[in-house]
Amino acid sequence: MEKIFISCQEAKRILGYKNHNSINYLVQKNQLDEYMIGPLKRKLYSLQEVRALQEIKKGSNNSVNP
């Protein structure tokens, strides 16, 4: 299966973050891989990885805290 890459702006929108610092934090904690493809040197992220993080985030929001 071919990987689909998205921009930081799209990753922020999917994960519900307000700024790019949250995305950078996930990269620093090795929870999200960052890719630079082609001569533009733009930071891109795997759509599959972002969606997996979205599911984890949804699951943690639905858990019951005592």
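The values are calculated or read from the model by the stated rules, or taken from the named source; none is laboratory data. No experiment lies behind these values; they were computed from the predicted model shown. Because the Cβ atoms are built from the backbone with ideal geometry, glycine has one as well, and the counts that use them run over all protein chains shown.
Can you name every residue in the stretch 5-32 that is in a loop (DSSP other than H, G, I, E, B) and surrounded by 12 or more Cβ atoms within 10 Å (Cβ to Cβ)?
Result: Tyr17, Gln31, Leu32.
Among what's in the stretch 26-66 and is of a type in the set (Val, Ile, Thr) and over 12 Å from the mean Cα position of the chain (by Cα), pick the residue that is modelled with the highest pLDDT.
Among them, the one singled out is Ile37.
Of the residues that make up the stretch 40-48, is at least one part of a helix (DSSP H, G or I) and not hydrophobic (A, V, I, L, M, F, W, C)?
For the stretch 40-48, residues part of a helix (DSSP H, G or I) and not hydrophobic (A, V, I, L, M, F, W, C): present.
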